[in-house]
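Asks: Below you'll find the structure I mean.
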Amino acid sequence: MKFDIFCEIQKAKPWPADHEQVLFHETIEQAVAADRAGFDTWWQVEHHAAEEFSYSSAPQMVLAAMAMRTQRIHLGHAGVLAPFRINNPYQVAERAATLDVLSKGRLELGLAKSGGKEWETFGVNPETARNQVREAFSIIRKFWTDPALSYASPDFNIPERNCVPRPVQQPHPRFWQTCGSPESFYMAGELGIGALGTTLLSPVGFMGQMLDEYRRGLAACKQPVGRMLNNQKGVFTFVHVAESRKAAIASRAAWSALWYVNAAPIVFKVPRAVWYDVIRSGLHPNAPRDTAALSGDDTTSLDIAPDEIPVLRLLKLMARGEEISAEEAHEVLESLDSVIIGDVDFCRKKFEAYEAIGADRMMCLVQYGQIQHADAARSIELIGEHLIPYFAQRRQQAAE
């Protein structure tokens, strides 16, 4: 199992006056630290109009800056929001190829269906979004590898054109798909591309079921959409490795994970009632996004039942604006599979559970909520010192 970084470019309030400028420069410094620490790939997300939750509205520009400051780490542009009203697939091919040139062949390209506020912002038709993701992979691959061509379909038309520049990697950079539901994991497998899954408090067992769907899709893959098969499976989750449990609590990492989970349904326009119900059921909050997107105002009750599960109690208290201590947040989240926050040994055991279900790479979210830059950078260093070598040795032993 390899280690990656997943980045939203995120900062919860309160903010200093120059917080945006500081945040971008801290993010680039963290990429330099990840490159030095031995992480395999830096994944940069794309979001729009998502204040606090994500300032990554122009990820290709951030990745270009990172390409100039790093040497070996791969640069993952994922997920590019693939509905054609948001990103024209011909322009995605051009921008991604430019990043591959600037990084000397280190680009990884993932596409996402998106939803919620982003569909609303750009006028995306939810009925066509998934098919446009599928079509975008094919269009981008053709412009990367074929001579000048024209393309015509009900959703996209372009006269005969070349893609300038072409990628450095041959036959082309690897394709990935961000996945949050059984259907999307199956689709990624069927297309013969890598799957990038998210946990959002879901148990390891649930992610194991999603990876089974991906394997089922791979078995049905007749011809990969790219010119090579990419059968890797990545999992994104909350990670903060500290010198001790006490230091992990002081970082407010658990509090920040709760904040993230409460902020996400606002971005994706999923009613809190739906979001909280699937968390209570031990499932994945992204699963209902197709039907819940653009669903209107959220009037979810934040009343707390006497028998409410602890994590939902804290989420509701936070949503109500009530104070939650770093200690209480840590104590409640510490037992959850998908929250990897603690000292090196504690985190190692949780990572081993993802290795056991067949995850090929862990996409560590290290900058989130109110975690300070120094704490995020130290977490990156500790992972590089202790966990990347440990799992590299296990990978080598398994291969032998």
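Asks: For segment 95-229: lysine pairs with Cα atoms under 29 Å, gap of 8 or more or different chains, count?
Replies: Lysine pairs meeting the criterion: 5.
Asks: OK, next. Which number do you get for Rg(Cα) / (2.2 N^0.38 Å) in the chain?
Replies: Taking the Cα Rg and dividing by 2.2 N^0.38 Å, one obtains 0.95.
Asks: Further question: Quick check on the chain: helices-only [θ] at 222 nm, where DSSP H runs of length 4 and up contribute -39,500 (n - 2.57) each and the sum goes over total residues. Nearest 500, please.
Replies: My calculation for the chain gives -14000 deg cm²/dmol from helical runs alone.
Asks: How far is it, in nm, from the label point at residue 280 to the one at residue 307 when both lie 7 Å from their Cα along the line to the Cβ?
Replies: 1.1 nm
Asks: Another one. Which whole-number percent is the relative contact order of the chain (Cα, under 8 Å, 6+ apart)?
Replies: In percent, rounded to a whole number, it is 21.
Asks: Take every Cα pair under 8 Å in segment 116-247 that's 6+ residues apart, average their separations, divide by the length, and report that relative contact order as a whole percent.
Replies: 21 percent
Asks: Further question on the same structure: If you take the charge dipole of segment 1-158 about its Cα centre, with +1 on Lys and Arg Cβ and -1 on Asp and Glu Cβ, which of 1, 125, 12 is farthest toward its positive end?
Replies: Highest projection toward the positive end goes to 1.
Asks: When Lys and Arg each count +1 and Asp and Glu each count -1, what net charge do the other residues less than 9 Å away from residue 106, Cβ to Cβ, add up to?
Replies: Once positives and negatives cancel, what remains is 0.
Asks: Tally Lys/Arg at +1 and Asp/Glu at -1 over every other residue whose Cβ is under 14 Å from the Cβ of residue 48; what's the total? Mind dumping the intermediate values first?
Replies: Values: positive: 85, 117, 269; negative: 8, 46, 51, 52, 118, 120.
That sum, taken over residues with Cβ under 14 Å, equals -3.
Values quoted throughout were computed directly from the atomic coordinates according to the rules given, and no laboratory measurement underlies them. Not measured: the values here are computed from a predicted model. Heads up, the Cβs are rebuilt from the backbone with ideal geometry, glycines too, and the neighbour counts pull from every protein chain shown.
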